[in-house]
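Worksheet: the structure to be examined is printed underneath.
The values are calculated or read from the model by the stated rules, or taken from the named source; none is laboratory data. Quick caveat: nothing in here was measured; it's all calculated off a predicted structure. As a convention, Cβ positions derive from the backbone with ideal geometry for all residues, glycine included, and neighbour counts pool all protein chains shown. All accessible areas refer to the heavy atoms of the entire protein, side chains included, with ligands and DNA or RNA removed. Shrake-Rupley method; radii C 1.70, N 1.55, O 1.52, S 1.80 Å.
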Amino acid sequence: MKIRSKTLISAAGALVSLGVHLVAPTLDYRVAYYDPIIDPAYANDGKRRIYIFWHEYIQYFIYLRKRCRLAMLLSKHSDADVLADVARLLGFDGVRGSTNRGGVQALREMMRKEQEEAFHLTITPDGPRGPRRVLAPGCVFLASKLQIPIVAMGVGYDRPFRFNSWDRFAIPRIGSRARCIPSADIIVPPELDRDGLEHYRSQIETILNSLSDEAEAWAESGVSYENESSVLPGPNFSTMYFARPKQAAIQA
C-alpha cells in the first residue's frame, strides 16, 4: 500500500530510521579494501567519487556512511518517499529522479552537487524498479562527464530476511555478519559515445555482481579474510585498514 500523506511519510521515515539505529549497531561489520583511500569517511586525497551498490543493500551504506557529504539519487516515485526521509534523517543529501521519471534533471542536479557543493555521489544503479542487479548507464554517463571515478560496493549479509519485492530487499538479522568488498577507483574515459557507454556499463555491472557475490559468500561462510578490517559508522573515525590485491583494470 502506497503512503501519500506527508505526515504519515514523515512518521514512517522516523520509524524506519529508528529501526536502523536499533538493528544496525548490533551487526558485525567487516570490509576488505582493494584501496582504503576510496572510503568517503577515510579519504584524504581530495577526490570526489560515485559510489554504486545494488538497491537491496541500500541500508548498509545509509547507516555506515551518514554525514560524509554524500548526495544520493532517489526515485521520484512515491515508493521512495519514506526512503528519502530516512536518508535525510541519517545525514544524506537527496536528489529525486530516475531514468524513467525526471532522469535528465536528476543527472544535472547530481552534476551540480559534485561540482558546486563538493559532494560525493551515490547511486543504486538497478533502482528504482529493476531489473534486479542490472546496471543502468546513468552512473557511467556521470563518471564520463564529470571525470570522477566510480567505486563499486559489493555487500552481503549472513542469511538476511528478504522482502518479496523486485530487488529482494535484504534485512539483516540482529547480531549477524555484514560484509563489504569495495572496488578500487574505476576510471571511465571522457566523452564516451553510445557504444562506449554500453561497454563500460557492461564491464562495471560484471564487477559489481562479482563483488556482491563474493561479499555474500564471505558473510555466509563466517571465515576470516587475511586482509579484512572492522568498519565503523560515520566520518572521522580511526581504525586499521588493510588492502586486498589490486583488481584487474577494465579493458578498453
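Starting from region 169-194, take each residue that is closer than 12 Å to Tyr60 by Cβ and list its partners that are loosely packed, with under 13 Cβ neighbours inside 10 Å, counting only C-beta distances under 6 angstrom and pairs at least six apart or across chains.
Phe169/Phe163; Ile171/Phe161
Residues checked against (1) touching an Asp or Glu at 6+ places or on another chain (Cβ under 7 Å); (2) assigned to a loop (DSSP other than H, G, I, E, B); (3) open to solvent by less than 40 Å² (accessible area, probe 1.4 Å):
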{"position": "Val155", "(1), (2), (3)": "no, no, yes"}
{"position": "Asn164", "(1), (2), (3)": "no, yes, no"}
{"position": "Ile174", "(1), (2), (3)": "no, yes, no"}
{"position": "Ser202", "(1), (2), (3)": "no, no, no"}
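For Ala71, only one of the following conditions fails: (1) in contact with a strand residue (DSSP E or B) (Cβ under 6 Å, 6 or more places away or on another chain); (2) touching a residue at least 60 places away in the same chain (Cβ under 8 Å). What is its number?
Every listed condition holds for Ala71 apart from (2).
Starting from residues that are over 18 Å from Ile50 (Cα atoms) and in a helix (DSSP H, G or I), keep the ones in region 176-197 and report whichever is most open to solvent (accessible area, probe 1.4 Å).
As a first pass, look at region 176-197 and keep what is over 18 Å from Ile50 (Cα atoms): 176-179, 193-196.
Restricting the remaining residues to those that are in a helix (DSSP H, G or I) gives 194-196.
On the way: Arg194: 205, Asp195: 120, Gly196: 13 Å².
Here the answer is Arg194.
If Ser144 meets every condition in (1) assigned to a helix (DSSP H, G or I); (2) open to solvent by 30 Å² or more (accessible area, probe 1.4 Å); (3) among the small types (Gly, Ala, Ser) apart from one, which number is that one?
Going through (1) assigned to a helix (DSSP H, G or I); (2) open to solvent by 30 Å² or more (accessible area, probe 1.4 Å); (3) among the small types (Gly, Ala, Ser) one by one, Ser144 breaks only (2).
Could you go through region 85-92 and let me know if any residue there is modelled with pLDDT of 85 or more and open to solvent by 10 Å² or more (accessible area, probe 1.4 Å).
no
From the list Arg133, Arg112, pick out the single residue that is in a loop (DSSP other than H, G, I, E, B) and of a type outside the set (Val, Ile, Thr).
Arg133
For region 198-228, what are the residues that are of a type in the set (A, V, I, L, M, F, W, C) and at pLDDT 95 or above?
If the condition is that a residue be of a type in the set (A, V, I, L, M, F, W, C) and at pLDDT 95 or above, then Ile204, Ile207, Leu208, Leu211, Ala215, Ala217, Trp218, Ala219 are the ones that fit.
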